[in-house]
Amino acid sequence: MKLATLNTGRDGELIVVSRDLSRAVRVTDIAATLQQAIEAWDSLAPRLEARYTALNDGSAEDAFALDMAKLHSPLPRTYHWADGSAYLNHVQLVRRARGAEMPETFWTDPLMYQGGGDHFLAPTADIEAVSEEHGIDFEGEIAVITDDVPMAVSPQAAAGHIKLIMLVNDVSLRGLIPGELAKGFGFFQAKPASSFSPIAVTPDELDDAWQGGRVHLPLSVHLNDEAFGVPEAGPDMIFGFPELIAHAARTRHLGAGAVIGSGTVSNPDADGGPGKPMRDGGVGYSCLAEVRMVEKILHDEVRTPFMRFGDRVRIEMFNRDGQSIFGAIDQQVVEYQPK
C-alpha cells in the first residue's frame, strides 16, 4: 500500500496513492491524517488496503490524477524523529573530516540523535538557509514509521512495529557541527528541518528488496541534474531498522508515528577503500561531506563546495523495473528571507 499527505494545512490530508504513482483517492472517511491512521493501524489498515486495491483496479470512486507538487512529507510533523547512522563508511569519513577517530563500540552500538519533529519540509519545498558559510549539505537516507513500540523491545519484536517506509533528506549544516559537538551535548542548530519522500509505502510493496529490516535497492541522488550517487542501501547497513528501533526504545516507549532514520546511505569500495565518484567508476555518494573527505584523502585538497543558493538536489529510489517507488525529494537551496 502507498500513502501520501496532501499539503492542505499543518497536518495535511491523508490519501491513498496508486502503485504507479499516477492517481490517488482521499480517505478522510477512514482517517483524516496519517498520524490518525498509524495510531489505529491494526483496525484501519485493512480498510485503507481495500481502497488501495480499488484504486489500482480502477474501481475507486472519486480518484484523481496525482500532482507530486501538492504533497507534503507523509507525516508533516511527528512526536518523535530519531536518526541513526547505520552506514559506518559514512561515519568513518565524516569523523575523519573533523579529525575524530571512530571507537570500536560503533560497530556494536548504533549512533543516533533526536531531531526536531515539529516541522518537516514538503518534498519539493525550498531548503531555506541563513548563510552559505554554514556548510549546507544534503543526506540521502531511508526511514521507517512505527506504531506504538514498547520500551526494551527486542530487535526481533521491533521488526513487527515497522508499518511504513520512506526516503529522507536529512539536511545538515556541516560548518556548525564541530562547534556543537565540541560542547559534548549533540546536534541542534546544525540540523535544520528534514524532508521526506512524497510517498510512504508498506514493506510488502518492496517485494524481495525488503530483507533483514533493510531495503536492498540503490538510492539515486542527483545534484543540479547531474548523477551524484547510486549507493546500495542494503549490504552496508550495519544495523537494520529492527536494531535501530530497539536501540531507540531501550529506555523509553516510542509513540505511534515515530520516525526512525537509517543515516546516510554509503558504500565503501570492494577493496575496502572509502568509495569513488561515479565518474571514476564508483557508486558515488549520498552527501557532499563524503566526496569532500575522499578528495582530501586522494588529492590532499577539497575540491567540491557545499551547497550554494540555487543548487538543487533530487533523491529517489526505483524498483527493479525502473519505476519510482516513493516519488522524489526535489529541493532547491534558497537564502532565508525573514518576513
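The values are calculated or read from the model by the stated rules, or taken from the named source; none is laboratory data. Just so you know, these numbers come straight off a predicted model, no measurement behind them. Cβ: placed from backbone, ideal geometry, glycine included. Neighbour counts: every protein chain shown. We work out accessible area using only protein heavy atoms, side chains counted, and drop any ligands, DNA or RNA first. Shrake-Rupley method; radii C 1.70, N 1.55, O 1.52, S 1.80 Å.
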Given (1) in a loop (DSSP other than H, G, I, E, B); (2) farther than 18 Å from G84 by Cβ; (3) in contact (Cβ under 8 Å) with a residue 40 or more places away in the chain; (4) open to solvent by 10 Å² or more (accessible area, probe 1.4 Å), index of the condition P198 fails: (4)
If we scan region 270-284, do we find a residue that is modelled with pLDDT under 95, charged (D, E, K, R), in a loop (DSSP other than H, G, I, E, B) and at positive phi? no
Among helices (runs of 4 or more DSSP H) lying entirely in region 2-110, which contain 3 or more residues that are out of contact with any helix residue (DSSP H, G or I) (no Cβ under 7 Å at 6 or more places or on another chain) and more than 27 Å from C287 (Cα to Cα)? 34-39, 41-57
Residues A60, A86, A129: which one is farther than 24 Å from R314 by Cβ and in contact (Cβ under 8 Å) with a residue 12 or more places away in the chain? A60
Being closer than 29 Å to T146 by Cβ and of a type in the set (A, V, I, L, M, F, W, C) is the filter; apply it to region 163-179 and report the residue that is modelled with the lowest pLDDT. I177
Looking at E101, E61, E49, which is the one that is surrounded by fewer than 16 Cβ atoms within 10 Å (Cβ to Cβ) and under 26 Å from G135 (Cα atoms)? E101
If I ask for residues that are out of contact with any Pro (no Cβ under 6 Å at 6 or more places or on another chain) and part of a loop (DSSP other than H, G, I, E, B), which ones from region 121-150 would you list? A122, T124, A125, D126, V130, S131, G135, F138, D147, D148, P150
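Here is a yes/no grid of residues against (1) of a type in the set (D, E); (2) under 20 Å from P203 (Cβ atoms); (3) in contact (Cβ under 8 Å) with a residue 24 or more places away in the chain; (4) open to solvent by 60 Å² or more (accessible area, probe 1.4 Å):
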{"site": "D300", "(1), (2), (3), (4)": "yes, no, no, yes"}
{"site": "P305", "(1), (2), (3), (4)": "no, no, no, no"}
{"site": "R308", "(1), (2), (3), (4)": "no, no, yes, yes"}
{"site": "R320", "(1), (2), (3), (4)": "no, yes, yes, yes"}
{"site": "G327", "(1), (2), (3), (4)": "no, yes, yes, no"}
{"site": "D330", "(1), (2), (3), (4)": "yes, no, yes, no"}
{"site": "E335", "(1), (2), (3), (4)": "yes, no, yes, yes"}
When you check P235 against the structure, is it under 27 Å from T202 (Cα atoms), under 22 Å from the mean Cα position of the chain (by Cα) and open to solvent by less than 60 Å² (accessible area, probe 1.4 Å), yes or no? no
Answer yes or no: is there a residue in region 104-115 that is open to solvent by 70 Å² or more (accessible area, probe 1.4 Å), out of contact with any strand residue (DSSP E or B) (no Cβ under 8 Å at 6 or more places or on another chain) and within 17 Å of V168 (Cα to Cα). no
Give E205, E243 a once-over and let me know the one that is of a type in the set (D, E) and in contact with a helix residue (DSSP H, G or I) (Cβ under 8 Å, 6 or more places away or on another chain). E243
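Per-residue answers, yes or no, for (1) over 18 Å from the mean Cα position of the chain (by Cα); (2) acidic (D, E):
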site: R96; (1), (2): yes, no
site: E101; (1), (2): yes, yes
site: T105; (1), (2): yes, no
site: E139; (1), (2): no, yes
site: A152; (1), (2): yes, no
site: L176; (1), (2): yes, no
Considering only residues that are open to solvent by 10 Å² or more (accessible area, probe 1.4 Å) and closer than 21 Å to D137 by Cβ, which ones fall in region 238-269? N267, P268
Among the residues listed as L93, L71, L75, L14, the single one being in contact with a Ser or Thr (Cβ under 8 Å, 6 or more places away or on another chain), open to solvent by less than 20 Å² (accessible area, probe 1.4 Å) and without any contact (Cβ under 8 Å) to a residue 40 or more places away in the chain: L14
What number of residues within region 215-232 are open to solvent by less than 20 Å² (accessible area, probe 1.4 Å), in a strand (DSSP E or B) and touching a helix residue (DSSP H, G or I) at 6+ places or on another chain (Cβ under 9 Å)? 2
Residue match in region 138-155 (condition: out of contact with any strand residue (DSSP E or B) (no Cβ under 6 Å at 6 or more places or on another chain), within 30 Å of R312 (Cβ to Cβ) and surrounded by fewer than 18 Cβ atoms within 10 Å (Cβ to Cβ)): no
